[in-house]
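Undergrad: Take a look at this one; I'll ask things after.
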Amino acid sequence: MLTVKIILLCITVYLSCYLTGGLICPERDRKTPGLKIVYGLMILWAVFFAVTVVFVLFQKRVYERGFTFDATPLWNASNLVTVYLALALILSVAGIVMGVLRLLKNAEKTTDEERNAPLVLDRYEIMILGLFIALVLFQIIKSVFFAFADGDDSYYVSVAQLMTGGEQTLYMKDPYTGYPTSVQMRYALAPFPVWVGTLGCIFGLNAATVAHICMPLLLIPITYVIYNAVGNLLFGSNRTGKYMFLCLVAIFVMFSYYSINPSEVFFLTRTRQGKEALANIVIPILFYDMFRRASLEALKYDTKNYILIILIELSGALTSVFGNILILIMLFANFIYAFYRKASLRYKFMSALLAVPPVLIVAIYYLL
């Protein structure tokens, strides 16, 4: 039964991300199912961050006024799970509706050649792709079935465990001792462990199971999807070059444990932590979006692209408060690049506006 729940969780999250990603996926990436999953994950993470921060701030307000938490059951963890689940279902249904409408609209535009065009790989490409898949499977098996001791789990996994254990407050109990405490905003404004606990509550799984088994099964493949997208930009139609690039990335990841600090170490050994998601998913997908836009003849933002970057920013805030600073550094680089490319004044103004969400989150952190 435990195995069934784990498989159901992974399939449900992938499916929900795929359906939701259709709402915001740029037209160029719609034919890539993996990127739709990545974009859908950004939407679901951004929504979860916004909802959870509201719940935490209202709990903090109640705590500071001296009321017991039982007097305000509206802002408890169970209601957070319910609200997030409802929003995820609504977004998934909206994605299905939009996908059907898009199929009906584009059905007449698709030629028979495009519809029946096979994906033919030669023997050499199959061999390199098979090697890459084997490397990824090896990494997933090692991450799922082998233990890695990390002291940070005593806090992050414990926060998730409090939720799956029935605790109704958010960041109002010390995960080390279980005693009540004031809301710790340093952690409450980066509630990635609460997302792990929320998945555990929805599927009836222990938080440690979700953190140590489900997270590698979810986040490791998603990371390589982003690397594959970067490979498409680098190598274009040269599939051999792209597959060799992916193999080198996978090998580099496996031999990066020269210290405990590289993102690749977090990638394989601390997949359940927000810092891993920041370093290996949020930052790379933001880099991919900027890289893709920089390859265009004219720099420009459309509405979907602008919203997508804001969603990525909120996803970065979910994983770590420091993630806001790293995202601001990347946005500043993008702003400077706009001057180098002599972009329009509108593009420069829109690039500057992108810094507003992370700046506001950092300001809230320092104010509270």
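The values are calculated or read from the model by the stated rules, or taken from the named source; none is laboratory data. Here the structure is a predicted model, which means the values were calculated and not measured. A quick note on method: Cβ atoms are made from the backbone with ideal geometry, for glycine too, and the neighbour counts reach across all protein chains shown. Just the protein is used for accessible areas: all its heavy atoms, side chains included, with ligands, DNA and RNA removed. Shrake-Rupley method; radii C 1.70, N 1.55, O 1.52, S 1.80 Å.
Undergrad: If I compute solvent accessible area with a 1.4 Å probe over the protein chains, what percent of it on the chain is carbon and sulfur?
TA: 68 percent
Undergrad: Here is a follow-up. Just the number please: accessible area per residue for the range 118-195, 1.4 Å probe, all protein chains included, in Å².
TA: On a per-residue basis, 55 Å².
Undergrad: Putting +1 on Lys and Arg Cβ atoms and -1 on Asp and Glu Cβ atoms, find which of ASN106, TYR39, LEU219 reaches farthest to the positive end of the dipole of the chain.
TA: Working it through, the farthest residue towards the positive pole turns out to be ASN106.
Undergrad: Let me ask another. What's the local net charge at VAL230, with K and R +1, D and E -1, over the other residues with C-beta under 15 Å away?
TA: +3
Undergrad: What order do SER263, SER315 take when sorted by accessible area (1.4 Å probe), most exposed first?
TA: Highest to lowest solvent-accessible surface, that is SER263, SER315.
Undergrad: Please calculate how many Å² of accessible area the range 230-275 carries per residue, with a 1.4 Å probe and no DNA, RNA or ligand atoms counted.
TA: 49 Å²
Undergrad: Can I ask one more? Using just the helices of the chain, give the 222 nm mean residue ellipticity in deg cm²/dmol: DSSP H runs with n ≥ 4 each add -39,500 (n - 2.57), and the total is spread over all residues, rounded to 500.
TA: After summing the helix terms and dividing by the residues of the chain, the value is -22500 deg cm²/dmol.
Undergrad: Which value, in Å² rounded to 10, gives the accessible area of TYR224 with a 1.4 Å probe and all protein chains present?
TA: Here the accessible area works out near 10 Å².
Undergrad: Any idea what the relative contact order of the chain is, in percent, if you count C-alpha pairs under 8 Å spaced at least 6 apart?
TA: 20 percent
Undergrad: Still on this structure: Report the residue, chosen from VAL136, VAL38, VAL210, that carries the largest GNM mean-square fluctuation when the chain is represented by alpha-carbon nodes joined by springs under 10 Å.
TA: VAL136
Undergrad: Restricting things to alpha carbons, find the Rg to Rh ratio for the range 4-53 using the Kirkwood radius for Rh.
TA: 1.05
Undergrad: Gap in Å between the Cα centre of the range 308-338 and the Cα centre of the range 186-236?
TA: Cα centroid to Cα centroid, the span is 19 Å.
Undergrad: Rounded to the nearest 0.05, what FRET efficiency do ASN305 and ARG346 have when you use their Cβ-Cβ distance and R0 = 22 Å?
TA: Efficiency at R0 = 22 Å is approximately 0.95.
Undergrad: While we're on this one: Among GLY178, TYR337, ASN280, whose Cα sits farthest toward the positive end of the charge dipole of the chain (+1 at Cβ of Lys/Arg, -1 at Cβ of Asp/Glu, about the Cα centre)?
TA: Sorting the options by dipole projection puts first TYR337.
Undergrad: While we're looking at this one, here's another question. Sort ILE310, ILE329 by heavy-atom solvent-accessible area, probe 1.4 angstrom, most to least.
TA: Descending accessible area places them as ILE329, ILE310.
Undergrad: Follow-up. Once the whole set of protein chains is in place, how much accessible area is left on PHE349, using a 1.4 Å probe, in Å² to the nearest 10?
TA: Accessible surface of PHE349 is approximately 120 Å².
Undergrad: Just by accessible area at a 1.4 angstrom probe, what is the order of GLU167, GLU276 from largest to smallest?
TA: GLU167, GLU276
Undergrad: On to the next question. Distance between Cα centroids, the range 247-290 to the range 141-183: provide it in whole Å.
TA: Centre-to-centre (Cα) distance: 22 Å.
Undergrad: Could you compute how much accessible surface TYR306 exposes when probed at 1.4 Å, giving the result in Å² to the nearest 10?
TA: 40 Å²
Undergrad: Also: Please give the length that would be gained between THR82 and VAL100 if that part of the chain were fully extended, namely 0.36 nm times their separation in residues minus their C-alpha to C-alpha distance (nm, one decimal).
TA: 3.8 nm
Undergrad: Taking the Cα centre of the chain as the origin, how large is its charge dipole in debye, to the nearest 20, when only Lys and Arg (+1) and Asp and Glu (-1) carry charge on their Cβ atoms?
TA: It works out to roughly 720 debye.
Undergrad: Could you calculate the FRET efficiency of ARG123 with TYR258 from 1/(1 + (r/R0)^6), where r is the beta carbon distance between them and R0 is 35 Å, rounded to 0.05?
TA: 0.45
Undergrad: Would any residue of the range 204-247 have its amide N under 13 Å from a label point 7 Å out along Cα→Cβ of ALA333? List them or say none.
TA: Label zone hits: none.
Undergrad: Under 10 Å, Cα contacts only: if you run a Gaussian network model on the chain, which one of MET330, MET244, MET127 comes out with the highest mean-square fluctuation?
TA: Evaluated over the chain, the most mobile residue of the options is MET127.
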